[in-house]
1. Being among the polar types (S, T, N, Q), within 14 Å of chain C (Cβ to nearest Cβ) and either within 22 Å of B:Asp273 (Cβ to Cβ) or out of contact with any strand residue (DSSP E or B) (no Cβ under 8 Å at 6 or more places or on another chain) (or both) is the filter here; which residues of region B:172-204 pass it?
2. Please tell me if E:Glu256 is more than 16 Å from ligand 2 (Cβ to nearest atom), at pLDDT below 85, among the acidic types (Asp, Glu) and not assigned by TED's automatic domain parsing to the domain that holds E:Met121.
3. Among (1) within 14 Å of chain A (Cβ to nearest Cβ); (2) over 30 Å from C:Arg61 (Cα atoms), there is one condition B:Leu154 misses while meeting the rest; what is its number?
4. Would you be able to say whether some residue in region D:109-126 is away from ligand 1 (no atom under 16 Å from the Cβ), assigned to a loop (DSSP other than H, G, I, E, B) and facing another protein chain (nearest Cβ under 8 Å)?
5. Assuming B:Val192 fulfils every condition listed in (1) assigned to a helix (DSSP H, G or I); (2) among the aliphatic types (A, V, I, L, M); (3) over 18 Å from B:Ala21 (Cα atoms) apart from one, which condition is it?
6. So, of the residues in region A:142-185 that are without any contact (Cβ under 8 Å) to a residue 40 or more places away in the chain and under 16 Å from A:Arg116 (Cα atoms), which turns out to be most open to solvent (accessible area, probe 1.4 Å)?
7. Can you name every residue in region D:185-220 that is basic (Lys, Arg) and within 13 Å of the chain's Cα centre (by Cα)?
8. For region A:224-264, give me each residue that is free of Cβ contacts under 8 Å to residues at least 60 places away in the same chain, open to solvent by 20 Å² or more (accessible area, probe 1.4 Å) and more than 7 Å from every other protein chain (Cβ to nearest Cβ).
Amino acid sequence: MKHGPAAGLLRGGAGPLWIGAALVCAALVDLRLVPVVAVWAGAWWVNTWLAAQRRTRVTTLAVPLLFGLTLLVLWEMVVRLFGVPAVILPPPSAIGARIGAEVPTLWEDFVQTFLRGALTGYVLGCGAALLTAVAIDRSPFLQRGLLPVGNFIAALPIVGTAPILVMWFGFDWESKAAVVVVMVFFPMLVNTVAGLAATDAMQRDLMKTYAAGYWPTLLKLRLPAAMPFVFNGLKICTTLALIGAIVAEFFGSPTRGMGFRISTEVGRLSLDMVWAEITVAALAGSAFYGAVALAERRVTFWHPSQR
Amino acid sequence: SAQDLDELTLQLKWVTQAQFAGYYVAKDEGFYEEAGLDVTIRPGGPDIAPTQVLAGGGADVVVEWMPAALAARERGLPLVNIAQPFAESGMMLTCLEETGVESPDDFPGRTLGVWFFGNEYPFLSWMSQLEIPTDGGEEGVEVLKQGFNVDPLLQGQADCISTMTYNEYWQIIDAGISEDQLVTFKYEDRGVATLEDGLYVTEETLAEDGMKDALARFVAASMRGWDWAEENPDAAAEIVLENDATGAQTEKHQKRMMREIAKLTEGSDGSLDPEAFQRTVDTLLAGGSDPVITEDPGDAAWTHEITDMALE
Amino acid sequence: MSAPIAAPGAGAGRSGRVGLWLRGRGAAAGPVLAVVLAIFALWYVGTVALNAQWTLDQAARADREVGFAELVADTMAQDRPMLPAPHQVAVELYDTVIAQEITSRRSLVYHAWVTLSATLAGFGFGTVLGILLAVGIVHNRAMDMSVMPWAIASQTIPILAIAPMIIVVLNSIGIQGIVPKAIISAYLSFFPVVVGMVSGLRSPGAMQMDLLRTYSASRGQVFWKLRLPASIPYLFASLKVGIAASLVGAIVGELPTGAVQGLGARLLSGSYYGQTVQIWSALLMAAVCAALLVGAIGAVQRAVLRRMGMDR
Amino acid sequence: MAVAEATTQVKDAGQGTVVSARNVDLTFETSDGAVQALRDVSLEIGKGEFVSFIGPSGCGKTTFLRVVAALETPTGGDISVNGMTPEEARKARAYGYVFQAAGLYPWRTIGKNVKLPLEIMGYDRAEQDRRMREVLQLVDLEGFDKKYPWQLSGGMQQRASIARALAFDADLLLMDEPFGALDEIVRDHLNEQLLSLWARTKKTCLFVTHSIPEAVYLSTKIVVMSPRPGRITDIIDSPLPAERPLDIRDSAAFIEVAHRVREGLRAGHGDA
Amino acid sequence: MAVAEATTQVKDAGQGTVVSARNVDLTFETSDGAVQALRDVSLEIGKGEFVSFIGPSGCGKTTFLRVVAALETPTGGDISVNGMTPEEARKARAYGYVFQAAGLYPWRTIGKNVKLPLEIMGYDRAEQDRRMREVLQLVDLEGFDKKYPWQLSGGMQQRASIARALAFDADLLLMDEPFGALDEIVRDHLNEQLLSLWARTKKTCLFVTHSIPEAVYLSTKIVVMSPRPGRITDIIDSPLPAERPLDIRDSAAFIEVAHRVREGLRAGHGDA
Ligand SMILES: Nc1ncnc2c1ncn2[C@@H]1O[C@H](COP(=O)(O)OP(=O)(O)OP(=O)(O)O)[C@@H](O)[C@H]1O
Ligand SMILES: Nc1ncnc2c1ncn2[C@@H]1O[C@H](COP(=O)(O)OP(=O)(O)OP(=O)(O)O)[C@@H](O)[C@H]1O
Ligand SMILES: Cc1ncc(C[n+]2csc(CCO)c2C)c(N)n1
Ligand SMILES: [Mg+2]
Ligand SMILES: [Mg+2]
C-alpha cells in the first residue's frame, strides 16, 4: 500500500487526459454537469486504484460499496442541481429519512410480501419442482414432453397470470405465493432435471458395478451431483420470487404488502415511500440471493467453481 | 394550418372510455381545432398517476379526482382546478343482497373492496364518519385493495365492492346478477361525495404567457364536446370506440356508460361549484386517523377565471 | 402414439441427415403431444371444477336445480368464467387472429406486432448494453469488482413498480412511444446477457490465452481472435433467456404507457372488464411469441455455429 | 438371448475358469451407422491369472471389459463370468471395476469414497471403517481418508480408486487403464505394488493398458487386439517368472516379449 | 530486476548459445503458502540442440519452459534467450510453443488455425497461404486445411498444433508433452517425423516428456529433474548417432541411456 491515489493518478497516463476532456465536454453542455462528472471521475479513479490493489476482504467489499455510494451521491447531486421535482424522483436523503420514519410499516409489508408471499411460494414452488424432477427423472418420455411445454408455460407473462391467480386464490398472501410458485416452478424443474442428468456415464457405471438400486444411486450419486444445478435454479428463483410476490399485489391485495404500498403511494405521490419500499425490496432480494449463494458454497464446496 | 394552433396535452385518469367522451368528441368533431388548439389526448391506466405526469411535464392538463389533486397539492405540486365538468360523483359501494348487507350498520365484520391509488380517500372519510375502523376485526371492516374488475363480488371474496354508476355496476349486471339482487350505497346519497373528474393544471402553467387564453378556449371547446355528447350519446360512444386502440371495448357497454355519464355532467357548465368544493374538503379533512389532507387548501386550489373566460 | 416414427431404423432409406432429423423430431413430438393432450384434459376438468360454483350460485339465485350434464355444459359456456374452456379460447383466438384484418385493432396479430417491435428494440438495447458491460468487466478490474453486485441488486427491483416512473421521467424529457417500453424491456434483458457474456469472454483456458501471448498479440487481437469467438455459444444461450425477458419487459412497459395497444393492453383491458377469455388468448399469444422468438434465436445460433464449424 | 444359452454351456468350463468368452460380437448402433466394436472374440481366463489387454485406441479393449462387467450386452456369442451370465455376476457383486479416470465422487472424502460400495452393499459401520483403513493402507494412503479428492495428486486419486475397488474383496478385478494419466515413475511404483497385491491375494485381474512395458511386466497372459472391427490378433503367455523386480524389464526375455507385442500391434495398425 | 542484469551478462555467452539459465529460482505465491517450482536451475542450450526435460509430475518442467517463453517471470537468477531477456524474445517472436494439448481453436479450420500466428504477426494473405500449405505438408496434413479440428483424430490435431508453431519459422521450438495423450504406435510415428523435421530444419528444440524411451530416442541432451523444489538432478549428453531408426530402441546403447535416465529419475523421486 505504498502508492496513494495520487501516484495512481500520475501513473494513469491517459486517465487525466480522458477525464479532462469529459469535464470540458460537460461544461460545454451544461455547467451543472461539471461537478457531477468530477465526482464520478474522482470516485472512479479511487476505485480503479483500489481494484488494482491486492485482493483482500476489504477491497472486495470496498470497491462495490464505493461504486454504489458514488451512484447515490450522483443521484442526490442531479436531483438537487437540476431541481427534479420530488414527486418524480426523490433524492436518496429523503428516501433515507422516510425509511427511518416508517420502520413499522416497512416491516409489516416485508412480513406480508417477503416472508408470507415470496418465501412460502419459493419453498413450495422449488420443493414441488424438485420432487417433480425426481419423479419424471425415470421417464425420458415425460421429460421430453414436459420440458418444452414447461418452457412455454414459463414464458407466460406475470402480468397476465397474476390477475387470474388472484381470482383463484383470493386477495391475501396465498395468491401471491401461487404466483411465485408458477414463476419459479419451471426454471427450477429445468435446472434440476439437467442436474440429475449431469452425472457422467462412468460415475453411473460405477454404481452399476456395485449393483446399486435406484434409491442408493439417487441419494449417493445423482442428487449430490445435481446440487450445482439445483443451486443455479435456486439462485435464479430468488429474484423471481420477490418480483412475483410484489407484482401480484398490484392486482389485488389486503391493505398491506410491499406491492400494495408501492402502487398506493405512487397514486398519493409519496415517491419517497415508494423508493423506501423499493430499497427494502432490493436489500431483501440481494440478501436472499446472498444467503442462497452462501448455502451453495457450503453444499457444493467440492465443485470447481467454488474453489 | 397546424402552425397557428396552440398545442395542449391532456392526460386522462383512466383508459379510453365514455367517461372521457366530451374530450374525444371535441377533438373528433373539430371543436378544439376551431378554438385554435391542437390537443393530444393521452389515455391513462392502472399505474398512471395523472398528477405525476403533470409534474413531469408530460401533460399540460389532467383529468383527476379532487381528493387526489388536493393530496398532490399538499405534497408540493400546486394543482389548480380550472374546470369541473362532472357535477356529481358516480361512486358507490355495491353489495350482494344475499350477504345480508342492508345498511352501513351491517358493515362491521364485512370485507369491502376499495380502489386505492388515490381513490381510497372518499371511502376512508366515510368510514371515519361512521366510526368504523378499517383495519379488520369484529368491529371494523376488512379492506381489500380491489383490482380492476368486479370479480371479488362475483366470486364471493368480498361482500361489497366499489363501483361507478357508469361502469363496474353494469359489469355486475352483465355478469348475470339482476339489479334487485344488489344493494348499493351512493356516496352522493350518504353526503360523503367528493368531486370527481375535473380539469387541473399547475400554478406555473397557469402563469405562463397566453396560457389562460388557451386554457379558456380548451375548456370551452371541451364543454362543447360534453354538450354534444349528452345530446348524441350513441354517436359519442362510437367516437370513443374509434379512439380505443386496445380494440377491447364493446359498443353496448360504452353506449350505456355514455348515458350514465351524461347524468353526472348534466348539471355542469364547467365551472366549479364552490359549495361542492367545500363539501369535498370537509369530507377529506374528516378522514380519521390518516386524513387525506391536513389543512383546508382554501381558494388557491381552484379558480373561476378560466371558466369565466370560457363562458363569455 | 408416434412409436413407429421413433422406432430405430424408421428413417432408413432416406439420406442419413434427413432421416436423423425426422427421427429426432418424431421422438420429440410424441411426448410433447402426449403432455399437451394431458394438459388439455386437466384444463377441461379444471374448467368444470372452477366454474361450477358460479353456475350453482346463479341457479340458487334463480331458485333452480341444475343436473350434472347441464352443469358441465354451462361451465364451458360462461361469459366470464374463472377458467375458460380451451375451445372458448380457441374460438377467441380464431376471431382475433384469423378472422380480423391484421391491421385492425381487434386483431391479436396487430397487438402482438406492437409488442414484438418494442421487444426487439429493447432486446437490441439490452444486448448491446450487456455486451458492452461484459467487455468492460472482463477488461477492467474496477468494473469487474463493482458492477456485478449492483447488476444483481438491480434485478431484485420490481420492474412493475418503477416502470411508470421511468415512463414519466422519459416523458418529461420528451421521449415517448416505443422507446420507454424498449428501455424497460432492455432493463430486463441486459442481465442474462452480462452474466453469459462474462463467462463466455472468460471461457478461453489459460493455455489458449498463453498461446496468444507467445505470439505477443495485442489486447484487441486477443479479443477479436479468441475471446469473442469463444464466447459465441454462451452469448446465444443467454440471448435465449434474454429475449424471453425482453418480451415480459415490453408487456410490463405497456401497462403504464396508457396501455393503448399491444399484448399488455389486451391483458389489462381483459382484466379490467373481467374478460377472462380475452386474457387467456392474449396470454397464449404472448407465450407463442416467446416460443417463436426463442426458436428464431435458436435458428440463428445453429446457422452461426455452423459457419463457425462448431455445430457438433 | 445368447446369454441365456451361455449359462448352460458354461457348466462344462473347468472349475478354474473365471471368464469364458466364445465368439463374442458387439455392434453399436450410432447415428452414423453401425460400429462393430468386437468381432468373434473368444478367450478363456483362468482363476488367478493376470491378463493384460493391449491395442490401439478404439480397438475394443474397454468394450470387452464392459461386456465382462455386464455394462454392455454383446450382440452375439456367449460369455460367462464365474459360471454365471455377466448380469448375474454383476448382481452377485462378483467383481471390482477400476475405471480409466479415478472417478472419485468430489463431494465425498477419500475415506467415504472407499466406503461407498460398502454402504451400498450394506456392511455395518464398524466393518466399513475397518475395511476402509485396510485398503487405504494397502495403497499407501493411510492418513488421507479425511481429504477430498481434489486435495490429492492424480496418482493418489488413482490409488484411492483402486482401494475402492478392492474394499469389498471381489475375486475378480477389472481395470481399465488405471495408470493412464500417471508419470512413468509413479506408474512403475504402482505396477510393483499391484503385482505384489495380486501375488498375495490371488485375485483374477483383467487389465487394459496402452503401455507395452506395463503389459509385459504385469501379465501372465497378454491379449493383443486390433481395431475396426475389434478382434484378438495374438494371445501371448508370458514366460517371465512370477517374481519380477522392476529391472526385469531390461532382461532379454522381457525385451523379447515386448518385441512380440509391438510386432503384433503394428500388424493390426493401419495408419496413425 | 534480475532479468535486466541478465541482458548484460549474456554478451559473453557464445554465438551458439540459445538459452542460458543461471541459478533460476521461481516461487509461486498461493493461498496455501509459497510453492517453490524451480530452484537454482542452471543450463546452457546451444543452437540446433534437441533437449528433453523429464521428471516426475510437478517437478517444474512446464514452469521452466514457461520461463523461457516469458509466460512466467523467475523470482531469482538470470535467464536469456537468443541474447535477450525472455520478454524481449517473446516480443521478437523468437519461438514457437506447442502446448501439452493441441489447443486448436474449434471455430477455425485447420488451415486458419495454422494461419492464426501469421495473421497476428501481420503477414500478407498470399504469404499466409503459402506458409500454411508448406507447414501442413511438413506434418503430413496436406488436404486437411478445410477441416475443423474435431473432424481430425487426436494425433492429427497434435500435428496441426505443431504445424502452427512452425508456421512463422522461429528458430526455437518449445514443446510441452506434445504427444502425451496419444497411444504408443501413433506416438512412435510422430517421434520419427519430429526427428526428421529437426534434422532437416536444424531448429533448437526444448521438449518436455514423461516417457523415458521418447526422451532417449529424440534428444541430443536429456535433462532429468526432481520435484519439491524443482531442480536439475542430471544432464545426460546422448551418445546415440544422429541417424535413428525406430528399432534403435532395442539397442544396447539406447537401453544404457534409458537406464541412466531411470536411475536419475528414481533418485530424485521421493514417494509416489
Ligand atoms: N457407446 C458407444 N456407442 C457407439 N460406439 C461406441 C460406444 N462405445 C465405444 N464405441 C466404439 O467402439 C469402438 C471400441 O471402443 P473402446 O472404447 O472399447 O476402445 P478402446 O480399445 O478402449 O480404446 P481406447 O484405448 O481409446 O480407450 C470404438 O470405435 C468406439 O468408437
Ligand atoms: N500458477 C501456479 N500457481 C501455483 N503453483 C503452481 C503454478 N503453476 C505450477 N505450480 C506448481 O509448481 C510446481 C511445478 O509445476 P509444473 O507445472 O512446472 O510441473 P510439471 O513438471 O510440468 O508437471 P507435469 O508433469 O504434471 O506437467 C507444481 O508443484 C505446481 O503445483
Ligand atoms: C388501479 C386503479 N383502480 C381503480 C381506479 C379508479 N378509477 C379511476 S377512474 C375510474 C373509472 C372507472 O370506470 C376508476 C375505477 C384507478 N384509478 N386505478
Ligand atoms: Mg478404453
Ligand atoms: Mg507440465
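The values are calculated or read from the model by the stated rules, or taken from the named source; none is laboratory data. These numbers come from a predicted model, not from an experiment. When we count neighbours, we look across all protein chains shown, and the Cβ atoms used for this are built from the backbone with ideal geometry, even at glycine. For accessibility, only protein heavy atoms count, side chains too; no ligands or nucleic acids. Shrake-Rupley method; radii C 1.70, N 1.55, O 1.52, S 1.80 Å.
1. Answer for region B:172-204, where residues must be among the polar types (S, T, N, Q), within 14 Å of chain C (Cβ to nearest Cβ) and either within 22 Å of B:Asp273 (Cβ to Cβ) or out of contact with any strand residue (DSSP E or B) (no Cβ under 8 Å at 6 or more places or on another chain) (or both): just B:Ser178.
2. Spelling it out, it is not the case that E:Glu256 is more than 16 Å from ligand 2 (Cβ to nearest atom), at pLDDT below 85, among the acidic types (Asp, Glu) and not assigned by TED's automatic domain parsing to the domain that holds E:Met121.
3. So B:Leu154 meets the others, but not (2).
4. Scanning region D:109-126 turns up at least one residue that is away from ligand 1 (no atom under 16 Å from the Cβ), assigned to a loop (DSSP other than H, G, I, E, B) and facing another protein chain (nearest Cβ under 8 Å).
5. Here B:Val192 meets the rest and fails (1).
6. In this case the residue turns out to be A:Phe169.
7. Once the filter is applied, which keeps residues that are basic (Lys, Arg) and within 13 Å of the chain's Cα centre (by Cα), region D:185-220 yields only D:Lys203.
8. Residues satisfying the conditions are A:Phe229, A:Asn232, A:Ile236.
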